[in-house]
Amino acid sequence: MSERLDEAAVGRLAPGLALALPRGPHRGRVGEVRAASTGSSLELHDFRAYQPGDDLRQLDWNAVARTDELILRVRQDEVSPRVEVVVDGSRSMALSARKAACARELALLACEVGARQGLSPTLLATGVRSERVQGSACRAALRTLEFDAGDDLVTALGRLPPPRACGLRVVVSDFLFEADLAAMAARLSRGAAGFFLVQVLDAEDLSPSGGEGARLVDSESGAALEELLTEDVLAAYARRFEEHQRLLRAAALRSRGALLTAPATESLDALVRGALRPLFVAGGHA
Amino acid sequence: MSFGFPWGLLALGALVPLVAAYFLRRRQKPVVVSALFLWRTPRPRAEAGPRWERFTREASLLLEGLAVIAAALYLADVRLGETARTKHLVLVVDGSLSMSARGPDGVTVLEQARREAAKRVEDEAATRVTVLATGLTPRVVAGPEAEPSRALAALETFEARGADHDPIPTLLWAQELASTGKHVAFFTDAAPVEGLVIPAPVRWTALGAARDNVALISAQRKDDGGTATVTLRVARFGPGPESVAVRLRALPGPDAKQGTERVEKVSLQGEGTATLRLTFQNAGDIEVSLPDDALPEDGHARLAVAPTRPLAVSLAQGMGSLERDALERFLGASPEVARDGASGEVLLIGPRGTDAKVTVGASGKSRTFVGPFFSEKGHPLLDDVQLAGVRWSAGENPPGRPLVTAGDAVLVSEEDDGRVHLNVDLSRSNVQRVSAWPVLLGNVVREARRAREGFVRRQLTLGEPLQLVTLPGKRYTLVGPGGSKPVFGAGAVSLPPPAAPGRYVLERDDADTVDSAEVLALDARESDLRGRSNADVPAKESGEDEARANASDRARWPLVLLLLALLGDFYVTRRAS
């Protein structure tokens, strides 16, 4: 596994994958996928009363004859869904070079697969200098992405423009921060038809090593804590971590999303075939 | 500030690991984690957080250091200001003459006592010292509660020249001065005799040694005219020389051009005494000396000129012939009686009805008594007066307190001012022809002699009280080797035995010297050094210098400070978490 963005690995995997889009109506621009909004497709969406200014060609004359009221046929829009990839640019994502690389690779993979799928990828990175890029600019942005934000994802989202309606939103972060996880998930899922929380975790996040006393320093706030890393202390960490994961998972489900945990120690290929299988389904586009 | 237990300051050593741990932690390699909140509720440290929390570690270090210091101060029993620890030590030194005895190394017992006292003061770290000297009249040498240096300096100038005495009263006094639970150190030259009840807190330290000694145990001088008769008694205590040379040096008297010096060999057989009597002509003060031995002080005596002071007796006019003849016969045979009135004080004997000091005679109807006679027992005028076989004719009762009575007749009386009345009609009595007459008159003369201003005896030895006669209302000063002290005139006065031998002079404020007396350093019990020994009898009860006593006296404020520091540290660290 590379401790740097392995674009080659991404390039190898992307053609055979597709993003798992949600079955419900999507949101996005005009395209070939049914949208949740009304439009001018042939597929009927609904009927409503005529209002001045409506297109007279949409009047349902049969309904008019039956009811002596001007009834309008509302047709579904045929939209083209977008994929939005939100990357947490906080310092904890760079706890190790491998963790940072894994986050970049997963974000890039989502963008590449989405692009191949005809989903216009949009990348939002919440670093010190937050940025929003689209299309082919996502790769370059991920190459130069610095995980240097001193605040957590929830706080950093305030620096981003409001989320737009999209078909799929993939949030890449470690989600290891104290926050109202349910509110966070609700906010992140707003406007998205599908929603995935991809949690990238370092080996030390999953299973910290014990031993001597350590001066633990929070990667983002800089707060320090002297602790003797005994078995009891490590066990207590594990308990708290499990509890945090449970809450995170529940929050994701409540927002009709899914939490996918990606250990950075695994290769991209293993992640795609394992933990990230719900997101990256087989069957790609040329 | 003082420390009762300075070793307690070793607890300050705990500051070293405390500070080391503080800096060690600061240098501990930081481990960056993604989520500190998963480890514990984080305590913000210096790198971040509000200003208060930034210095939590430093505040905690200061409070913990303060706690260590407070604990060390408590363990060291710190005292501040007036509550600084005071350790009072009471020393008692035997003030008897035998303390001046020299050991085989030439060091006196008193000097050894001084050294031991200084060592005791240092060992017990005394901050206050009281030094008492035993004697017939215990006295304070230093203190109470003097500074140790002053007390030891006073002990350096102290000389032990007193007579033999019981030290227990002084030890009891020292016990009271020392207060409950404190030790008293007693330095003497002999172990306590068996059966002696020593006060419990007294540690008895005997520094003496058994030595042989030859001493003067008696020295008297009597001057009659120009002839001085010196009587000496020499005693040997222990096996020693069988003869000793007594040196006498007589300074020239008023009528002599030069003094004389004589050496007399005295044979001392066994362990007895020898008496030596010598006469000198026109001699002034006579110095007697024996060869120096273990106790040189008891081998020296200075005998001042001690002329007799005859009592001037005068017979008043108007006395009957019988009375005059009887009195003249007595006065002619009585020693040290002068008939002329040249001396200031005259004993006037007169007939009844006069203001003479002694009246002889009867008035009114005469009655004759042959007994029984009732006398006031113990009255000095009636010492050895036997009235058996006496026929006493008396007249009217004289004034004053009855001394001798027969029936309701008062035969001899004494007034408050000392006037004596002999209610006797010698024409009908035979008292003047029996031994009672000269004995009675001799007592009268003796009492009259005793009533003269000055010392009753001019030569005394150690331990004898100083008896003198003063004029009521007058102010006197007694000057002696130990200084001078005032004496208020109150007639016959008996002063405590002088603490040291030497010459004592009685001076009256409106006159020069009234009289002088010599106290000789002679005491057979003190000269006997055979029973001296070296011993150390510890006190029967433990003293205040045990650690237990200090627990209740320890200052509590370090504990309070310790508690506050710990609470503060707990609050600081708890609040940060």
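About its Cα centre, the protein assembly as shown has a charge dipole of approximately 2520 debye under the convention of +1 per Lys or Arg Cβ and -1 per Asp or Glu Cβ, with nothing else charged.
Please compute, for peptide B:425-432, the average count of beta-carbon atoms on other protein chains lying within 10 Å of each residue's beta-carbon. Please report the intermediate quantities before stating the final value.
On the way: counts 0, 0, 0, 0, 0, 0, 0, 0.
Averaged over the peptide's residues, the number is 0.
Ordering A:60-69, A:111-120, B:216-225 by mean Cβ neighbour count within 10 Å, with the highest value first, yields A:111-120, B:216-225, A:60-69. Put in order of Cβ neighbour count within 10 Å, fewest first, the listed residues A:GLU242, A:GLU266 become A:GLU242, A:GLU266.
Run down the aspartates and glutamates and flag those whose C-alpha is under 13 Å from the C-alpha of B:LYS119, throwing out any fewer than 8 positions away in its chain. Output for B:LYS119: B:GLU111. Under conditions of 37 °C and 0.692 mPa s, the range B:213-307 yields 243 µm² s⁻¹ as its translational diffusion coefficient, taking Rh as the Kirkwood radius over Cα pairs in the Stokes-Einstein equation.
Quote the Stokes-Einstein diffusion coefficient, in whole µm² s⁻¹, for the range B:311-450, based on the Kirkwood radius over alpha carbon pairs, a temperature of 4 °C and a viscosity of 1.567 mPa s. The partial results should precede the final answer.
Details: Rh = 14.9 Å.
Taking Rh from Cα pairs, D becomes 87 µm²/s.
Ignore the peptide's own chain and count Cβ atoms of other chains within 10 Å of each Cβ in A:218-231; give me the average, rounded.
If you average over the peptide's residues, the count of other-chain Cβ atoms is 6.
Taking the C-alpha atoms only, the angle from helix B:109-123 to the longest principal axis of chain B is near 30 degrees. Summing charges over all other residues whose Cβ lies under 9 Å from the Cβ of B:LEU110, with Lys and Arg as +1 and Asp and Glu as -1, gives -3. When only Cα pairs below 8 angstrom with a gap of at least 6 residues are kept, the range B:213-307 shows a relative contact order of 35 percent. Hey, rough spin-label estimate for B:ALA492 and B:ALA338, points 7 angstrom out along Cα→Cβ, what's it come to in nanometres? Here the modelled spin labels are 2.4 nm apart. Once both axes come from the Cα atoms, what is the angle between helix B:15-27 and the longest principal axis of chain B, in degrees from 0 to 90, rounded to 10? Value to nearest ten degrees: 10. The residues neighbouring B:ARG401, those whose beta-carbon lies less than 12 Å from its own, together hold a net charge of -4 under the Lys/Arg +1, Asp/Glu -1 convention. Straight-distance candidates among the lysines for linking to B:LYS357, with alpha-carbon spacing under 26 Å and chain neighbours fewer than 8 residues away dropped: B:LYS365, B:LYS377, B:LYS474. Computing FRET efficiency as 1/(1 + (r/R0)^6) for A:ARG190 and B:ALA20, where r is the C-beta to C-beta distance and R0 is 45 Å, gives about 0.25. The Cα atoms of the range A:188-246 cover 48, 23, 17 Å along the three principal axes, with the biggest extent listed first.
For A:LEU229, the residues 5 or more places off, or on other chains, whose built amide H falls under 5 Å of its own are A:GLY211, A:GLY213, A:ALA214. Arranged from fewest to most other beta-carbon atoms within 10 Å of their beta carbon, A:LEU181, B:LEU136 become B:LEU136, A:LEU181. With viscosity 1.002 mPa s and temperature 20 °C, the Kirkwood radius over alpha carbon pairs of the protein assembly as shown converts through Stokes-Einstein to a diffusion coefficient of 53 µm²/s. Counting only DSSP beta bridges with both residues in the protein assembly as shown, the antiparallel share comes to about 65 percent. Scanning residues 5 or more positions from A:ALA262 or on other chains, those with amide H under 5 Å from its amide H are A:GLN199, A:VAL200, A:LEU201, with H placed 1.01 Å from N in the peptide plane.
In peptide A:233-239, how many Cβ atoms from other protein chains are near each Cβ within 10 Å, on average?
Details: counts 2, 1, 0, 3, 5, 1, 1.
Neighbouring Cβ atoms belonging to other protein chains average 2 per residue here.
The relative contact order of chain B, computed from alpha carbon pairs under 8 Å that lie at least 6 residues apart in sequence, is 15 percent.
Each Lys and Arg contributes +1 and each Asp and Glu -1, all at the Cβ; summed about the Cα centre of chain B, the dipole is approximately 2440 debye.
Residues whose amide H falls under 5 Å from that of B:ARG452, counting only those 5 or more places apart or on a different chain, are absent, with hydrogens built in the peptide plane. For B:TYR504, B:TYR74, the sequence from fewest to most other C-beta atoms within 10 Å is B:TYR74, B:TYR504. Using the Karplus relation 6.51 cos²θ - 1.76 cosθ + 1.60 with θ = phi - 60°, the per-residue 3J(HN,Hα) values for the range A:99-110 come to 5, 5, 5, 4, 4, 5, 5, 5, 5, 5, 4, 4 Hz, with x marking Gly and Pro.
The modelled label-to-label distance between B:GLU264 and A:GLU242, using points 7 Å beyond Cα along the C-beta direction, is 12.1 nm.
Calculation over all alpha carbon pairs of the range A:144-286 in 5 angstrom steps from 0 returns a P(r) of 2, 8, 15, 20, 19, 17, 11, 5, 2, 1, 0 percent.
Across the alpha-carbon atoms of chain B, the computed radius of gyration and Dmax are 39.4, 145 angstrom. With 5 Å bins beginning at zero, the pair-distance distribution over Cα atoms of the range B:454-520 amounts to 4, 19, 34, 27, 12, 3, 0 %. Only helices enter the 222 nm calculation for chain B: every DSSP H run of n ≥ 4 contributes -39,500 (n - 2.57), and dividing by all residues gives -7000 deg cm²/dmol, rounded to 500.
State whether the range B:300-383 is rounded, prolate or oblate according to the following rule on the C-alpha gyration tensor (a ≥ b ≥ c being the square roots of its eigenvalues): a/c under 1.5 gives rounded; otherwise a/b larger than b/c gives prolate, and the remaining case gives oblate. Working shown, then result.
Numbers: a/c = 2.71, a/b = 1.57, b/c = 1.72.
In terms of gyration-tensor shape, oblate.
Listed peptides A:10-16, B:293-299 appear in the order B:293-299, A:10-16 once ranked by packing, highest mean of other Cβ atoms within 10 Å at the front. Relative to the dominant Cα principal axis of chain B, helix B:321-333 is inclined by about 60°. Rounded to the nearest 0.05, the FRET efficiency derived from the C-beta distance between B:VAL479 and B:ALA451 at R0 = 22 Å is 0.45.
Can you give the relative contact order of the range B:311-450 as a percent, counting alpha carbon pairs under 8 Å and 6+ residues apart? Let's see the in-between values first.
Working: 273 pairs, mean separation 33.2, N = 140.
Once divided by the residue count of the range B:311-450, the mean separation gives 24 percent.
Read-outs: derived from the displayed coordinates by stated rules, not from any lab. The structure presented is a predicted model; accordingly, all values stated were derived computationally and were not measured. Here the Cβ is made from the backbone with ideal geometry for all residues, glycine too, and neighbour counts use every protein chain on show.
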